[in-house]
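FYI, it's all coordinate maths here, none of it is from the lab. These numbers come from a predicted model, not from an experiment. Cβ sites come from the backbone with ideal geometry, for glycine too, and all protein chains shown count toward neighbours.
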Amino acid sequence: MKHILLGTTALVAAGVVAGSAQANVQLGLGGYYAGAAGLVFDQDDEAGEPGDNTSSDVFRQDVEVHFKGEVVLDNGLAVGATIQLEAMQSSDQIDEVWAYFKGGWGQIRFGDDDDAYEQLAYIIPSASNIFGVDTPYFEFANNFGSGTQAVVQTNTTIHRISGDATKIIYFSPSFGGFTFGLSWAPDRRGEDQYSGIANSNGPGGTSFNNNSFQADDVIAAAVNFEHDFNGVNFIAGIGGGHGNYEAPSPGQDDDTWNARAHMIVGFSGFTIGAAGSYRNNYSASNTDEIDLWVAGIGLTYNWDAWTVGLAWSHGEYGVTNGNTDNLDVIQISTRYDLGPGISLDGMIGVNDYQGSGTSSDDNGKTYDTDDNTSWEAGVGFFIGF
């Protein structure tokens, strides 16, 4: 089963100095290296269609290095921090960074991190660590080709409101299998800023409250339940968040909210699960309210080092003028575990985008500019460290 959070940690001893006090902190180096080769062997590639003038083969990689430090004080309080570094050149070089205080009462986290409902989310099961129909590392379909008005590249049940904005998060301890989380982000000030926004970082002042495309005062919550019933592992959870657009379009409601849920059952090597998400008023640039929702189901089977799976997701995305775009993703996936946290992965599937954008050729004939059916395949690997 694949949880939204991935990665393992190896610890080495180090020291961290704060002012004149020194604590013996264990500095951990973790992260992951994911790489893949993809092939699109059938797509809509006529003039003006999404596949027009696009490549049918590609190499991709996604790499992060995580620095983690923690010390347990004499009173039993654990204090630590995490810094996630993008290992390839990026305009957003530091991905997430936070500090935390942890005890028997739970954990308080402060920094640039995901909303509470994303932290406790399980996505649609996939055999692969890198491919999938829900929030994958790699997707090869060319939905955003020449002339297209497509809304998304692939489906996800993790619809972010505040992103990695600086926030405070509380995670509870487990109560009979139940855990919950709460988070609040007052603004997008912090790591996850749009470029070019004045006064977005630095020590002075506060951020502007009229930045386009941003939501502030984002409150999020989630609850998760996990229990083993005589060899049957059961996981279920719900969560959601609410925020207010700082600069909505004239006449547009400034409220935006998201709700999601998941349920996963595992037994005798089989894992079957479903997840879904609904996002209300998901764009701050439309004069009318447009919503989206995504849902899907997946089944995997594991034996020895092998895992195979079949999954499907469907998304409906509101666009302007009351139209709706639809995306269906179906994949057969496989994984071979070379060792703990190291896998070889494969995928074959179809990405079918049915959009509402149209155009006309020189003869006045109307055609769809963003419909795209892509058959694709991929092989790759995942190394957690």
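Note on ASN210 and PHE178: their simple-model spin labels are 4.5 nm apart, each label 7 Å out from Cα toward Cβ. Of the Cα atoms belonging to region 38-99, the radius of gyration and Dmax stand at 21.5, 69 Å.
Can you sort GLU70, GLU46, GLU118, GLU86 by how many other beta carbons sit within 10 Å, fewest first? Could you put the intermediate results ahead of the total?
Numbers: GLU70 19, GLU46 9, GLU118 27, GLU86 15.
In increasing order of surrounding Cβ atoms, one gets GLU46, GLU86, GLU70, GLU118.
Multiplying the residue separation of GLU316 and ASP337 by 0.36 nm and removing their Cα-Cα distance gives an extension gain of 4.1 nm.
Convex hull over the Cα atoms of region 227-385, averaged projected area in nm²? If you can, show how the numbers build up before the last one.
Numbers: hull surface 54.6 nm².
Its average projected convex-hull area is 13.6 nm².
Based on alpha-carbon atoms, the Kirkwood radius and the radius of gyration of region 31-164 give Rg/Rh equal to 1.08.
Can you pull out the chymotrypsin sites (Phe, Trp or Tyr not before Pro) in region 20-112 whose DSSP state is coil and whose Cβ has at most 16 other Cβ atoms within 10 Å?
Working: sites: TYR32, TYR33, PHE41, PHE59, PHE67, TRP98, TYR100, PHE101, TRP105, PHE110; in loops: TRP105.
Passing both the DSSP loop test and the Cβ count: TRP105.
Using the Cβ atoms and a cut-off under 13 Å, what net charge is assigned to the surroundings of GLU70, where Lys and Arg are +1 and Asp and Glu are -1? Taking every other residue near GLU70 into account, the sum is +3. Computed extension length for TYR33-SER249: 73.7 nm, one decimal, from 0.36 nm per residue of separation with the Cα-Cα distance subtracted.
Karplus-based coupling profile of region 60-70, in residue order and whole Hz: 9, 8, 9, 9, 9, 10, 10, 9, 10, x, 8, with θ = phi - 60° in 6.51 cos²θ - 1.76 cosθ + 1.60 and x standing for Gly or Pro.
Between the C-alpha center of region 87-157 and that of region 230-256 there is a gap of 15 Å.
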